[in-house]
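Input: a single structure, listed below in structure tokens.
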Amino acid sequence: MAQWTGIVYITGPNRIQQGFRVSSSGRDVPACFDGSGTYIMRYGSSPTTCYTCADCSCPSQILNNTTICAGTDISLPNGSVIRNSTGFVVNASGTYGDTATWTLTETGNYTLNSCDAIIRVTNCSIPTPTPIPTPTVTATPTPTTFTYSVTNTNGAKDRITGRWTWNENSRLDIDSMTRYLSNANNWNNIQWSQVFSNEGSEVTKGNFGISPSAGEHTLNEATLHYHTGHGYWPDTADQTGLALVDSEYNDVSLYPDELQGRWGGSNKWVILSSCFSLRDDRWDDVFAYSHATHGILGFKTISYAHTNFVTTFFEYAKTKPVSAAFLATVRTLDRTTTVPSPTGGTERLTAVVIFSDNSQMDYDYLPGFGSGIQPDADNVDPVRDQWPLKEEGGA
């Protein structure tokens, strides 16, 4: 170093470091400065006088007893001094303007400048943030709505008073049906909505699609229609129909040939819980004019009302096609029932199902179960099945 004369300015990395000795004109002059900034030493009568350095404090970036991970970069004011545990100065890895960067790769304690600041370097890793799982949102399927309708003419007219009383079993059967269909726990995301439920003189031919009046509901609005009431048995036993009543509670007959071309729309199945209703082969012709309606389910003989007929049918229909479920219901409730025959004597109570083709007969299920509703038939070829079979004593 050149001989000092007057005021000597030593700056930056060429500063005099505390604990080091430098020589001027052969004289050892103790240095007492450390830290960054400008250092002033006056040469004269007091060559060893130490003046306070401009910045001898710990930089604000490092607080006392700071712990960092090995390999972490530290940026400090240019001129800072970091020593390892043995006193060796650690060189900065880069100088950038007014700051320098150190990368401390070895673990241990390091001192900063002349203050007591200690940098502790440990083997650690910056933890990878645990990703916040994206919640799985399972969309609730929109319930599919199907419809049903009910007509009840199962009553008797008092010959003296002219008043009608209604079969209590049929009423209870319809009530249990309504409760069952409205209970969502019974169905696979299927909702059943009632279109109408008429009783007695409220039931008209219009409900069956025959010239309905303006605003009158018909079974064509319902996926499933359930009718309970008397069958009509004229002089010709094989030409049967339904017995309705008019506003004066007089008998009104409804024959299958009146229904040709009347059914369709949303309707898929019609249950006719009426005596003799399907003994008439003309019911087959209903399908010739309506490809929408898939099946008609009813009786060939006298039948009896049960309080749990429809709910039993629905339970079977969860595992069986509609046709098989109906026959299984009759087999369960009327297994050994014998009824009067219109031709004399007695016969086994017999249930009949008619479908527009074999596919619908074998594979039509209630919505939400099995293979569901089969497509409408392109080529109608009505098929029948019954329980019991004729060879088993059926009518």
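Here are the numbers for this structure:
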read-out: Number of positions in the range 322-347 that are more than 13 Å from Tyr304 (Cβ to Cβ) and charged (D, E, K, R); value: 2
read-out: Tally, over the range 284-312, of residues that are at pLDDT below 90, in a helix (DSSP H, G or I) and either within 19 Å of Val339 (Cβ to Cβ) or of a type in the set (A, V, I, L, M, F, W, C) (or both); value: 3
read-out: Matching entry among Thr293, Thr311, Thr301 (being more than 26 Å from Lys390 (Cα to Cα) and surrounded by 19 or more Cβ atoms within 10 Å (Cβ to Cβ)); value: Thr293
read-out: Selection within the range 143-200 - of a type in the set (Phe, Trp, Tyr) and free of Cβ contacts under 8 Å to residues at least 60 places away in the same chain; value: Trp166, Trp192, Phe196
read-out: Every residue from the range 147-165 that is touching a helix residue (DSSP H, G or I) at 6+ places or on another chain (Cβ under 9 Å) and surrounded by fewer than 17 Cβ atoms within 10 Å (Cβ to Cβ); value: Trp164
read-out: 2 or more residues under 17 Å from Ser274 (Cβ atoms) and in contact with a Phe, Trp or Tyr (Cβ under 6 Å, 6 or more places away or on another chain): qualifying strands (runs of 3 or more DSSP E) within the range 178-248; value: 241-245
read-out: Conditions (1) over 28 Å from Pro340 (Cα atoms); (2) part of a loop (DSSP other than H, G, I, E, B): number failed by Cys275; value: (1)
read-out: Of the criteria (1) charged (D, E, K, R); (2) surrounded by 15 or more Cβ atoms within 10 Å (Cβ to Cβ); (3) farther than 20 Å from Phe276 by Cα, which one Asp378 fails; value: (2)
read-out: Odd one out for Leu366, checked against (1) crowded, with 20+ Cβ neighbours inside 10 Å; (2) not in a loop (DSSP other than H, G, I, E, B); value: (2)
read-out: Of the criteria (1) surrounded by fewer than 23 Cβ atoms within 10 Å (Cβ to Cβ); (2) over 30 Å from Thr144 (Cβ atoms); (3) touching a His at 6+ places or on another chain (Cβ under 9 Å), which one Tyr255 fails; value: (3)
read-out: Residue ID - nearest to Tyr365 (Cα to Cα), chosen from residues in the range 151-177 that are among the charged types (D, E, K, R) and outside any helix (DSSP H, G or I); value: Lys157
read-out: Candidate set: the range 199-214, residues that are under 14 Å from Tyr226 (Cβ atoms) and either out of contact with any Ser or Thr (no Cβ under 9 Å at 6 or more places or on another chain) or modelled with pLDDT of 95 or more (or both); chosen: the one surrounded by the fewest Cβ atoms within 10 Å (Cβ to Cβ); value: Phe208
read-out: Criterion (in contact with a Leu (Cβ under 8 Å, 6 or more places away or on another chain) and in the same structural domain as Asn379 (by TED's automatic domain parsing)) met by exactly one of Gln239, Gln194, Gln260; value: Gln194
read-out: Restricting the range 342-363 to residues that are of a type in the set (Val, Ile, Thr) and assigned to a loop (DSSP other than H, G, I, E, B), the residue that is surrounded by the fewest Cβ atoms within 10 Å (Cβ to Cβ); value: Thr343
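The values are calculated or read from the model by the stated rules, or taken from the named source; none is laboratory data. Computed from a prediction, not measured in an experiment: that's the story for all the values here. Every residue, glycine as well, gets a Cβ built from its backbone with ideal geometry; the counts of neighbours run over all protein chains shown.
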